[in-house]
Amino acid sequence: METPGGCRIGRDDLPSMLSTLCSYESLFGPCHFQTLHLMVETGLALCHHGEVAYARPLLERAARDLGRCFGRENETRLRALAALRDMLLEQGQYETVSAIQTELLECRQQRLGYVA
């Protein structure tokens, strides 16, 4: 997996990412932006390597807590929601996918100042 910065995340990196995430939660707290950002990155890496059972709760929690602490339109939250949408689409959970896609659209419109 390649992150936006060009760093490759291999399957062997997942245990250290999870360990770092636990450290961040202890050090910064569960709702610190760095903790939640790493939670999204870890969820994306897990998903990329087929570990959807572990990725889903991380992405759901990150999306919930980012929305609560940093606003519904937070870009990192939107990345988590988009990853959830894609993961659930592959699993055929179309009703949930539709709800997430609607929320993503509403948040993007809000960020752009679009009023229907």
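Below is a table of values for the structure above.
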| read-out | value |
| --- | --- |
| All positions within segment 26-41 that are in a loop (DSSP other than H, G, I, E, B) and either touching a residue at least 12 places away in the same chain (Cβ under 8 Å) or under 23 Å from Met87 (Cβ atoms) (or both) | Pro30, Cys31 |
| Single unsatisfied condition, Pro30 versus (1) over 29 Å from Arg111 (Cα atoms); (2) more than 13 Å from the chain's Cα centre (by Cα) | (1) |
| Number of the exception - Pro57 against (1) touching a Gly at 6+ places or on another chain (Cβ under 6 Å); (2) more than 27 Å from Gln109 (Cβ to Cβ) | (1) |
| Among (1) assigned to a helix (DSSP H, G or I); (2) within 20 Å of Leu78 (Cβ to Cβ), the one test that Ser23 misses | (2) |
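So that you can scan it fast, the table gives a plain yes or no per residue for (1) touching an Asp or Glu at 6+ places or on another chain (Cβ under 9 Å); (2) surrounded by fewer than 13 Cβ atoms within 10 Å (Cβ to Cβ); (3) modelled with pLDDT of 95 or more; (4) within 23 Å of Arg64 (Cβ to Cβ):
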site: Glu2; (1), (2), (3), (4): no, yes, no, no
site: Gly5; (1), (2), (3), (4): no, yes, no, no
site: Arg8; (1), (2), (3), (4): yes, yes, no, no
site: Asp13; (1), (2), (3), (4): no, no, no, no
site: Ser26; (1), (2), (3), (4): no, yes, yes, yes
site: Gly29; (1), (2), (3), (4): no, yes, yes, yes
site: His32; (1), (2), (3), (4): yes, no, yes, yes
site: His37; (1), (2), (3), (4): no, no, yes, yes
site: Thr42; (1), (2), (3), (4): no, no, yes, yes
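The values are calculated or read from the model by the stated rules, or taken from the named source; none is laboratory data. Quantities reported herein were computed from a predicted structural model and do not represent experimental measurements. In this analysis, Cβ positions are derived from the backbone assuming ideal geometry, glycine residues included, and neighbour counts consider all displayed protein chains.
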